[in-house]
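Student: Starting off with a structure, shown below.
The values are calculated or read from the model by the stated rules, or taken from the named source; none is laboratory data. Since we're looking at a predicted model, the values are computed, not measured. Ideal geometry is used to build each Cβ from the backbone, glycine not excepted, and the neighbour counts take in all protein chains shown. In case anyone asks, the SASA skips ligands and DNA or RNA and just uses the protein heavy atoms, side chains included. Shrake-Rupley method; radii C 1.70, N 1.55, O 1.52, S 1.80 Å.
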Amino acid sequence: METTAPIITTDLAQRYARVRKYTERICSHLQTEDYVVQPVVDVSPPKWHIGHTTWFFETFILKPYFMGYQEYNPEYNYVFNSYYETVGNRVIRTDRGNLSRPTVIEIYRYREYVDEAMANFLCGEIAGDIKELVILGLNHEEQHQELLYTDIKYILGHNPLFPAYSKDYVSPKVKWVENGEFIKLGEGIYEIGFKGDGFCFDNELNRHKVYLNAFEISPNLVTNAGYLEFMNAGGYHDFRHWHAEGWDWVKTNKILSPLYWHLIDEEWYQYSYHGLGPLNPDAPVCHISYFEAYAFAAWKGLRLPTEFEWEAAANQFSWGKSWEWTESSYLPYPGFTKAPGAIGEYNGKFMVNQKVLRGASEVTPPGHSRITYRNFFQTNLRWQFTGIRLAK
């Protein structure tokens, strides 16, 4: 990043406060015990998210750039570093649930301490390159806000009592195209990647041209009712629809339905933020692995879109209810370069053995999504809000 002229940061300070308060609002429905649970390796305890997002601003903004800043607790670098090798050793991911100390109260004190320092730091003028780091930190926290929602759902959804997160939670409605006629796009050269002056992650760059054959893509996501047809047709028992690795995953883990589905007295129920309730057949199917998305598409005689097809067509359909699996491996765009230092570890190091998801989900923070956004997960994961859009 190049240093630019100093920038007055009043608006940035307001945005900082707004983003940080939103994280705490997500956690406002939790009991203390909810903050410390880690049921599986992919789920982090909510209190770790609270500490890690705070550590980001302390480590990358306050310590190097705020003259006279006193680190809150030197041990927290070891506790709240996630994967930044450049920054030093850290608690391994599987052990985050063993951190009974620091307590939830102490982590919130840490958060208040850093927020006060950041408010003082942002009340004056800062250079443009440091402003970019702050904006990256805010987008990083928004990513963790979505992870908080999904991790909380996994924690409560695997509690034997299926407690509600909040009875006031409102799931956004889906815009449904009644005739369901596939959208047709002709063959040709399409431009892919971020364009403009606003923020984007480095994996959305550089904008480049791709050639696409003519294709068609569904205006609607696959529904629970549609997926139930696959299940009733024996989809989880027929190897012909699955990749070999996916079929091994089904058999090894005894997978018979999407995550959070429960068969009770021959009726399907689904856990949501309201607790356990009857399955809504018209809602888009969610919490699906790539393996399941691929198998469903194969059973239908169709396929998943590539991420380039998705982006080329995205302005013609409604998206944002759930992340959508694509047939694209997570790889760098032409001319991709990593930033120096720890920030360069942000996306590039994960460009292997993962599939791209496009769109956004119902728990993506407001203003965080865009057509060029590239999410990515391993093929077996489904605790995230992931769904299916078909192509041919």
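Student: So which aspartates and glutamates pass the test for LYS175, namely a Cα distance under 12 Å, with those fewer than 8 places away in the same chain ruled out?
Tutor: ASP282
Student: On the protein heavy atoms, probe 1.4 angstrom, tell me the percent of accessible surface of the stretch 16-87 carried by carbon and sulfur.
Tutor: 52 percent
Student: Relative to 2.2 N^0.38 Å, what does the C-alpha radius of gyration of the stretch 150-206 come to as a ratio? Two decimals please.
Tutor: Working: Rg = 20.3 Å, N = 57, 2.2 N^0.38 = 10.2 Å.
In units of the globular-protein estimate, the stretch 150-206 measures up at 1.98.
Student: Distance in nm between label sites at ARG240 and ASP11, each 7 Å beyond Cα in the beta-carbon direction?
Tutor: 5.9 nm
Student: In degrees from 0 to 90, rounded to the nearest 10, what is the angle of the helix 104-121 Cα long axis to the longest principal axis of the chain?
Tutor: Helix 104-121 and the main axis of the chain meet at about 60 degrees.
Student: Normalising by the residue count of the chain, find the relative contact order in percent from Cα pairs under 8 Å and 6+ residues apart.
Tutor: On the way: 626 pairs, mean separation 72.3, N = 392.
Relative contact order comes out at 18 percent.
Student: With just the Cα atoms defining each centre, how far is the stretch 365-386 from the stretch 116-172? Give it in Å.
Tutor: Answer, in whole Å: 15.
Student: Work out the length of the dipole vector of the stretch 85-173 about its Cα centre, built from +1 on the beta-carbon of each Lys and Arg and -1 on the beta-carbon of each Asp and Glu, and round it to the nearest 20 debye.
Tutor: That gives a dipole near 520 debye.
Student: Further, regarding this structure: Using helices alone, what [θ] at 222 nm do you get for the chain, with -39,500 (n - 2.57) per DSSP H run of 4 or more residues, divided over all residues and rounded to the nearest 500?
Tutor: Working: 9 runs with 119 residues, N = 392.
Helices in the chain give a 222 nm mean residue ellipticity of -9500 deg cm²/dmol.
Student: Length gain on complete extension for the stretch ASN98 to ALA339, per 0.36 nm per residue less the alpha carbon to alpha carbon distance? Spell out each step's value before the answer.
Tutor: Numbers: separation 241, 0.36 × 241 = 86.76 nm, distance 3.31 nm.
Net length gain for the segment: 83.5 nm.
Student: On to the next question. Beta carbons within 10 angstrom, averaged per residue: use that to sort the peptides 129-141, 271-283, 156-168, highest first.
Tutor: 129-141, 271-283, 156-168
Student: If you don't mind, another one. Under the definition of Cα pairs under 8 Å and six or more residues apart, what whole-number percent is the relative contact order of the stretch 54-204? List each step's numbers first, then the result.
Tutor: Numbers: 60 pairs, mean separation 29.2, N = 151.
Reported relative contact order: 19 percent.
Student: Taking Rh as the Kirkwood radius, which is the inverse of the mean 1/r over Cα pairs, what is the Rg/Rh value for the stretch 203-321?
Tutor: On the way: Rg = 16.4 Å, Rh = 16.2 Å.
Rg/Rh: 1.01.
Student: Simple spin-label model, 7 Å along Cα-to-Cβ: ARG370 to TYR169 in nm?
Tutor: 2.9 nm
Student: Anything over 31 Å Cα to Cα? Flag those among LYS321/LYS349; LYS300/LYS349; LYS131/LYS195; LYS251/LYS338, in the order listed.
Tutor: Numbers: LYS321/LYS349 28 Å; LYS300/LYS349 35 Å; LYS131/LYS195 20 Å; LYS251/LYS338 39 Å.
Long pairs (Cα-Cα over 31 Å): LYS300/LYS349; LYS251/LYS338.
Student: Send over the per residue convex hull volume for the stretch 218-271, Cα only, as a whole number of Å³. Please list the in-between numbers first.
Tutor: Working: hull volume 5.9 nm³, N = 54.
Value for the stretch 218-271: 109 Å³ per residue.
Student: Going by average Cβ density within 10 Å per residue, which order do the peptides 37-45, 69-77 take, highest to lowest?
Tutor: On the way: 37-45: 17.9, 69-77: 14.4.
Order by mean packing, descending: 37-45, 69-77.
Student: Taking 2.2 N^0.38 Å as the expected size of a compact globular protein, what ratio does the Cα radius of gyration of the chain give against it, to two decimals?
Tutor: Values: Rg = 21.8 Å, N = 392, 2.2 N^0.38 = 21.3 Å.
Ratio of Cα Rg to 2.2 N^0.38 Å: 1.03.
Student: Please compute the length gained on full extension between ASN89 and LYS300, using 0.36 nm multiplied by the number of residues separating them and subtracting their Cα-Cα distance.
Tutor: Details: separation 211, 0.36 × 211 = 75.96 nm, distance 4.76 nm.
Between ASN89 and LYS300, full extension yields an extra 71.2 nm.
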